[in-house]
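A quick write-up on the structure given underneath.
Nothing in this text is a laboratory measurement; each read-out follows from the coordinates by a stated rule. Remember, it's a predicted structure, so these values are computed and weren't measured experimentally. Heads up, the Cβs are rebuilt from the backbone with ideal geometry, glycines too, and the neighbour counts pull from every protein chain shown.
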Amino acid sequence: MNLIVSAPSGSGKTTILKKLFEKYPDIFGFSISATTRKPRQGEVNAKDYYFISPEEFGNKLADNEFLEYEQVYENLYYGTLKSEIERINALNKYPVFDVDVKGGMNIKKHLGDRAFSIFIMPPSLEILKQRLLNRKTESEDSLKKRLDRAEMEMAYSECFDLVVINDDLDKAVEEFIKAVEDHIL
Ligand code: ADP
Ligand code: 5GP
């Protein structure tokens, strides 16, 4: 099985997924995407993302190395590498894809019943903005880009197998992990 997780940036996807990997380190493998975005403070190359140049991204695209890719924000590309699925399968783990809504739909189309998809919903756009501000990782411009996109992404939530509202974190984690256990384990 495969797990697809999408959410507007700042909804708490990384925080919730961390709990899943803590609970089941030997069962799930994080699909490390390639991106042309610069690392945030604390992010590690080949752990959080493969941080690559636009040229390198273009070469990989030309070499058909992506299962899917999207220009999620203006001039910022993100893509799922086919080699990640092979790497995770070789470890006998279930791949977990942290992708935007369009990427999520594309992977779901590709994998069909072999994938379970979860959308993590912030309680409101205002709270989403507050969380992104509190995280202190975004410039004014990148914060605006993320909020501008959030509404469109939330409209996609009904295409997912499950929507988890991340209001109280502990409750959201519990609901998320329970659903994964029921549908994947
Ligand atoms: P994403 O991976 O979806 O961009 P993060 O996991 O980085 O989001 O979460 C964004 C910010 O919101 C982080 O600073 C995180 O600690 C905080 N956060 C996550 N969930 C909650 C919650 N339920 N209540 C309050 N803050 C939260
Ligand atoms: P961030 O810059 O906040 O890490 O990620 C921005 C958005 O890009 C998030 O919605 C994240 O899920 C998405 N994303 C990350 N990797 C991929 C990928 O490989 N493909 C697609 N389509 N989206 C991705």
Rounded if a/c under 1.5, otherwise prolate or oblate - region 1-82, Cα gyration tensor axes: prolate
Compute a Gaussian network model of the chain, connecting alpha carbons closer than 10 Å, and tell me which residue from A46, A115, A34 fluctuates the most. A46
In nm, to one decimal, how far is the modelled label at V44 from the one at E126, with both set 7 Å along Cα→Cβ? 3.9
Set Lys and Arg Cβ to +1 and Asp and Glu Cβ to -1, take the dipole of region 34-147 about its Cα centre, and tell me which of I127, P95, S117 lies farthest positive. I127
Counting only other residues whose beta carbon sits under 9 Å from that of G29, what net charge do I get with K and R as +1, D and E as -1? +1
Protection proxy ranking, peptides 141-147, 161-167, average beta carbon neighbours within 10 Å, highest first: 161-167, 141-147
Given a Förster distance of 41 Å, report the FRET efficiency between K23 and N64 from their Cβ-Cβ distance, rounded to the nearest 0.05. 0.70
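Looking at this model, which pairs from K13/K47; K93/K144; K60/K144; K82/K136 are more than 27 angstrom apart at the alpha-carbon? Working shown, then result.
On the way: K13/K47 16 Å; K93/K144 36 Å; K60/K144 29 Å; K82/K136 32 Å.
Over 27 Å Cα-Cα: K93/K144; K60/K144; K82/K136.
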With each pseudo-label sitting 7 Å past Cα toward Cβ, what's the Q71-Y156 distance in nm, one decimal? 1.6
The local net charge around F119, scoring Lys/Arg +1 and Asp/Glu -1 for residues other than F119 whose Cβ lies under 13 Å from its Cβ, equals -3
What number, in percent, do you get for the relative contact order of region 1-61 if the mean sequence gap of Cα pairs under 8 Å and at least 6 apart is divided by its residue count? 24
Under a Gaussian network model of the chain whose springs join Cα atoms within less than 10 Å, the largest fluctuation of E43, E68, E140 belongs to E140
Here Rg/Rh (Cα, Kirkwood) for the chain equals 0.93
Backbone HN-Hα couplings from phi across region 7-14 [Karplus 6.51/-1.76/1.60, Hz, Gly and Pro as x]: 5, x, 4, x, 6, x, 4, 5
Quick check: the distance between the Cα centres of region 19-49 and region 112-185, to the nearest angstrom? 17
For S117, what residues show an amide H to amide H distance below 5 Å, using hydrogens built from the backbone and excluding near sequence neighbours? I4, D161, L162
Please tell me the relative contact order of the chain in percent, rounded to the nearest whole number, where contacts are Cα pairs under 8 Å and at least six residues apart. 33
